[in-house]
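Take a look at the structure set out below.
Bear in mind these aren't lab numbers, they're just calculated from the coordinates by the rules spelled out. Remember, predicted model here, so these are calculated numbers, not experimental data. Every residue, glycine as well, gets a Cβ built from its backbone with ideal geometry; the counts of neighbours run over all protein chains shown.
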C-alpha cells in the first residue's frame, strides 16, 4: 500500500521521539508546560504520550470551583415578578440594569475560572478542545445575556469535548446560550428566523457553497419552535412549522433533528470539521489529500473527534517541519503557555486583560465566525502587546493594562490586574550555569525549544554584557538579576517566541 | 519632517547598521533624515487636477446594516406592508425628497446633508449576492465578487500601485482590533492600533538599560536580508510587522499626543476611533487611508432600539469628526466612505428583526464632494427571493474614489472598468 500523507510517525535512532517533539505535542494538544513536564512526556513511549493526552478521562482532574449563580437567578426572578405585577417602568428598568450588571460580573468570574482551569488542568487536551469549540460553535456576550447559560455551554463543551460531533451538534442546537446567540429562541412558524439555520450549515457543519438560499429558508422552518425556558431546552409544538420541506434535495415534514441527519449525510460534512481541527492543531491551508484521509476516519468512526485527533497526533506530518513551529500562537496559547512554562502564579484578571489587548476576549468573540487564525492574530498593535506581555510577568505591569477603554464593551478589566513579579531564581537551574552561553541555552530550552540563528543568539549574549558564549557569569552578582530579566524580556519579544 | 523609516530600508540598511554600530543611538531617525525623504507620500497622487494631500477614511459597518431602515422609502406602501413592527412612521422620517428620507436617529448627519457635505448612494450591491457575512465582507474588501481568489484588499492594491511609497507602513492606518483584508497589500500590511499609549515596545523595568535593550530588540527583530519577493514565511511576516510597529510607534504617538482639539466627541468606541484618526490627521501623519469599525448591525431579532442606537452612534461620531476636521481646516481634504457587507431582507421576520439581504445605501461625507442622492431606491415590487436588486455596483463607487479622490488608476486596481458615480 502506498504511503499515505498521514502515515504514522515511527520513532527511530535518526528521528527519535525527543524533547522537541514532546514540547510540540504538549504545546499544540495542550498549553505547553515546564521543562520538567516536557521531559516527562519525552520519557514515555511515543504512543503512550499521545494516549495520555487523548484518553484524559483516565486522569482525575482537580475539582475547580463553580461560579455561584444564585444571586443572578434571584435578580432575574425579581424582574419577572416586577413585570408580572405591573410595576412602574422606572422600577423595572432599574431591576433590569441591576441584573445586567450582575451578569457582567458573572461573565468575568467565568472567564477567570476558565483561565485558571487552563493553567492548572491535568487534562490539557480537554480544555484545549473547550477553547476550540468556543471558537467554532460560537456564542458570547452581549447577545447571550445570561452568564449562567454561557457557563452551561462551556460545561457542555467540556463534557462532549472529543466525543461524537453529530451528538454535539444536536446538543448545541438545543443549548440555551446558542439558542439566544443565534436567535432561534424567536424562530417561529409562519415567519422564521434564518440566523441559526444559516450558520449551522455555513460555519458549523458544511461550509459556504455546500447549500443554497432555499436550504437556509427550509432549515429555518424545521427549527421553528426550538427554544428554551429558564435553563432548559423546550420544543414548542404550537410554534413549530410541521409542513413539507425541501432540504438539500430531500422532501419531508422535517424538524431540526431531521435537518441534522441530512446535513451529516452530505460529503461536505465529512470534511468540514476535520479541516477546522487540522487548521487549529496543525497549520493553515492543509493539502486536500490530508483532509480526504481525515474525512474518511471521521465518517468511519461516526464523527468521533477523538479518532480524528488520534490520527493527527500520531502522524509523521504532525512532527514534520511543515507543522512544527510553523503556527502563530493564539493569545491564549501565548499567555497560558508562558505562565505554565514559568510555573508561576499570576492573577487570572491580569491575564484576561492581556488577552483582551491581544484580541482574544474569552466569551466576547468578535462575531459568529469566531477568532482570527494564524497570521490573523498579528498586526502592529497586537505584536507589541504580545511582546510587552512579558513585562506583566517580570515587572507586574504592562502598557495598556489600565487602558482608556476595555475591549470587552465595558466589562471590568482593571480590577487586580497587577501581577506579582516572578521569582527569577525559578527560571534557571543554577547548578548547571557557568557561562553566559549556559544561561541562554537554558532560557531558550524553556521558552522556544529550538535553536536560534547565531547572530540572534549573539544579541542575547549582549544582555549579559558580553558577545562570547564562554564568558563566565556570576549568579549572585548584583547585576545578574537585571541581566536575566532583560534576557527573558528580549526572548519573549522575539518572533520565534510567537510561534508554536 | 518626521517620516520614519521604511520596511525595505530597514532590511537593507538596518541590520548592517546595528551590527556595525552597536552603541549607535536612534539610528533610525538619523538615516531617515539623511535620506532626504525620497518616500514622500505626495508621490501617491500624480494626477493633474487631483490634489496631493487627500485622505480617505473607510468606515465598516459590520454585520449587515438594514439599508431600508436607514434610507427609508417612506412614500411606498410596500415598505410599510413588509415591516409591520419595524417600519419608521412617515412623520418621523427626515425627508431628503418626496420618496426617501433618513431614519430619525441620523439627525446629526442630516445637518451635513443640508451643508452639502453628505452623499447617499442608493441601491449599492453586486451580482449574485452572497448572504454570508464572511463571504460578502471578503467580496467588499477585495472588490472581487467573481471569486478570482484575490489575496489582497482593494486599498492594499491601491498602495501597491503607488510604490515605493507603499513601503511606508503608516500609508494605511487601521484603528481597531484586527487588520482588515481591505488594507492588506503585497508590499506588506500597514499600521493597526487602538490605544496609542500601548503602541510601543517597553524595555524591562529593571533591565540592562533602555537604550541597550532597544538596540538588541532591533537586532532580534530585524528581517532577514533577502532579495525580495513576497513569499515570506511566518517568521519573516512577524519580523516585518514588528519593525513596522517599531518604526511607526513614536510617529503615531507624537501625532496623537500633539493635537488637543476643542471638539467634543460622544462616548462610544466608534467615536473614540474617529477622534484618534482626527488626531493623526492633525498630527500630519503621512497616511492616505484610515480604517474605522462599527459592529453589531446583524439585527436578526428585536431590531427596534438596537438599530436606532447604532445609527445614532454612527451619526454622532461622524458629525463630531467632521466638526473636528473643519476646526482643523482639514474638512476639504478628508473623505469618509461608509459601507456594510449587505443590507437586510425587505420583509421583517417573526423575531421583530430582519435576516440577511442584499443591496443597501452607502454614505460618503466630506467638504470636497458633491452632496446629494445618487443611484436609485431599488424597487420594492421587483424582488429576487424577497431581496432588493442592486442598482449600482459597489466597484463603481470604489472606482470613483480611486480615480477622482486618490488619483489612482481604477482599472489597474479593480481589474476592469466601472462607471463613475457623480459625487466627486
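Compute the projected area of the convex hull of the Cα atoms of segment B:248-307, averaged over all viewing directions, and report it in nm² to one decimal place. Could you put the intermediate results ahead of the total?
Values: hull surface 21.9 nm².
Directional mean of the projected Cα hull area for segment B:248-307 stands at 5.5 nm².
Within a 10 angstrom radius of each residue's Cβ in A:482-490, how many Cβ atoms of other chains show up on average? Whole number is fine.
Values: counts 6, 3, 3, 6, 9, 5, 2, 10, 10.
For peptide A:482-490, the averaged partner shielding equals 6.
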Expressed as a percent, the portion of alpha-carbon pairs in the protein assembly as shown spaced more than 48 Å apart is 24
The helix A:348-358 Cα axis meets the longest alpha-carbon principal axis of chain A at an angle in degrees, between 0 and 90 and rounded to 10, of 80
In Å, the Kirkwood estimate of hydrodynamic radius for segment A:424-498 over Cα pairs equals 12.2
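Given 20 °C and 1.002 mPa s, how large is the Stokes-Einstein diffusion coefficient of segment A:209-365 in µm²/s, with Rh as the Kirkwood radius over Cα pairs? Kindly include the intermediate steps, with their values, before the conclusion.
Values: Rh = 19.3 Å.
Here the translational diffusion coefficient equals 111 µm²/s.
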Share (percent) of C-alpha pair distances in segment A:151-227 greater than 19 Å works out to 36
Helix A:124-136: inclination vs chain A longest Cα principal axis, degrees, rounded to 10, gives 50
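Can you give the Rg to Rh ratio for segment B:40-414, taking only C-alpha atoms and Rh from Kirkwood? The partial results should precede the final answer.
Working: Rg = 21.5 Å, Rh = 21.7 Å.
For segment B:40-414, the value is 0.99.
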Taking a crude spin-label model, label points 7 Å out from Cα along the C-beta direction, the residue A:453 to residue A:101 distance in nm is 5.4
At q = 0.09, 0.17 Å⁻¹, the log10 of I(q)/I(0) for segment B:195-324 from a Debye sum over equal Cα scatterers comes to -0.43, -0.99
Chain B, Gaussian network, Cα under 10 Å: of B:109, B:150, B:55, the residue fluctuating most is B:150
Between the modelled labels at residue A:234 and residue B:114 (7 Å from Cα along Cα→Cβ) the distance in nm is 4.9
Longest principal axis of chain B (C-alpha) makes with the long axis of helix B:133-142 (C-alpha) an angle, in degrees to the nearest 10, of 60
Pseudo-spin-label distance residue A:191 to residue A:152, built 7 Å along Cα→Cβ, given in nm, is 2.7
Expressed in angstrom and rounded, the centroid-to-centroid distance over alpha carbons for segment B:273-292 and segment A:171-241 is 42
In terms of the alpha carbon gyration tensor, root eigenvalues a ≥ b ≥ c, rounded if a/c is under 1.5 and otherwise prolate when a/b exceeds b/c or oblate, segment B:120-219 is prolate
Segment B:358-414 and segment A:415-474 have their Cα centres apart by a whole-number Å value of 57
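Based on the mean of other Cβ atoms within 10 Å per residue, sort peptides B:367-373, B:57-63 so the most packed one is first. Could the numbers behind the result be given before it?
On the way: B:367-373: 17.1, B:57-63: 23.0.
Per-residue mean Cβ counts within 10 Å order the peptides as B:57-63, B:367-373.
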On the formula 1/(1 + (r/R0)^6), with r taken between the Cβ atoms of residue B:306 and residue A:19 and R0 of 60 Å, the FRET efficiency rounded to 0.05 is 0.70
Checked segment A:148-192 with the C-alpha gyration tensor, a ≥ b ≥ c its square-rooted eigenvalues, rounded below a/c of 1.5, otherwise prolate if a/b is larger than b/c and oblate if not; verdict oblate
The convex hull of the Cα atoms of segment B:303-424, divided by residue count, gives a volume in Å³ per residue of 118
Partner shielding of A:452-463, taken as the mean number of other chain Cβ atoms within 10 Å, equals 4
A convex hull over the alpha carbons of chain A yields, per residue, a volume in Å³ of 167
